[in-house]
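The values are calculated or read from the model by the stated rules, or taken from the named source; none is laboratory data. The structure displayed is predicted, hence computed values, not measured ones. Neighbour counts are summed over all protein chains in view; Cβ atoms, including those assigned to glycine, are modelled from backbone coordinates with ideal geometry. All accessible areas refer to the heavy atoms of the entire protein, side chains included, with ligands and DNA or RNA removed. Shrake-Rupley method; radii C 1.70, N 1.55, O 1.52, S 1.80 Å.
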Amino acid sequence: MKKNILVTGFIYVLVGTAFLLCGIFLDTKLNSLFWGFAGAGIIPGLTTIYKYFYWSHPQNSARYVEKFEEQNIDLKDERKEKFRNLSGRYAYVLGLFTICISIVIFSVLYLLEIMQSAIILVVYLGGYAVFQYIAGVLIFRYLDKKY
């Protein structure tokens with residue numbers, strides 16, 4: 001395995017530890033976020049470090065080479081690439097649909113006075129929907145010109 005994977009693992013652990021220390025020593029309303037970011041940094045970092053040492057062990061190096069070659073073949077397989085692109089498109093359309101439904105629901109909740117400050121959320125979701133649509137169109141045009 002490459003050394004940058006080990007370095008990445010250590011960076012995750014260091015960032016997670018920094019958030020852990022912030023959660024322990026600071027008394028703010030953000031403590032729950034600090035604890036969450038600590039777990040999100042330390043656990044994947046330790047997992048990455050473990051995987052590095054596991055796959056770097058001489059007994060596992062042959063299996064790692066096979067696994068790495070299989071992953072490279074899967075990445076370049078045209079059929080799987082088509083499915084990845086198609087699934088990305090479906091996720092994009094589903095996200096747009098979900099955002100539009102959310103805008104309607106939050107607008108109704110605001111008009112019925114169930115939610116008091118839904119306007120900011122509705123404006124944000126509307127802006128996000130426009131951003132997602134424009135980004136999809138621009139990415140498609142870029143890829144269409146490039147290939």
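Overview of results
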read-out: Computed over the chain, Cα set: Rg, Dmax in Å; value: 22.5, 66
read-out: Two-site FRET efficiency, LYS146 against ASP27, from Cβ-Cβ distance with R₀ of 41 Å, rounded to 0.05; value: 0.20
read-out: Accessible surface, the chain, averaged per residue in Å² (probe 1.4 Å); value: 80 Å²
read-out: Distance between region 19-39 and region 79-102 - C-alpha centres, whole angstrom; value: 35 Å
read-out: Kyte-Doolittle mean at least 0.5, axial Cα span of 27 Å or more - DSSP H helices of the chain; value: 3-25, 31-56, 78-111, 118-146
read-out: Estimated [θ] at 222 nm from DSSP helical runs (n ≥ 4, -39500 (n - 2.57)) normalised by residues in the chain, nearest 500; value: -31000 deg cm²/dmol
read-out: R0 of 35 Å, Cβ-Cβ distance LEU6-ASP74: FRET efficiency to nearest 0.05; value: 0.90
read-out: Förster radius 30 Å - calculated FRET efficiency between ALA62 and TYR128, Cβ distance, rounded to 0.05; value: 0.05
read-out: Two-site label geometry, TYR110 and ARG89: point separation in nm, points 7 Å out along Cα→Cβ; value: 3.4 nm
read-out: Along the chain, longest interval not containing exposed trypsin sites (Lys or Arg not before Pro), exposed being DSSP loop plus at most 14 other Cβ atoms within 10 Å; value: 30-147
read-out: Surface share of carbon and sulfur [accessible, 1.4 angstrom probe, percent] for the chain; value: 70 percent
read-out: Listed peptides 127-135, 36-44 by packing density, highest first (mean Cβ within 10 Å); value: 36-44, 127-135
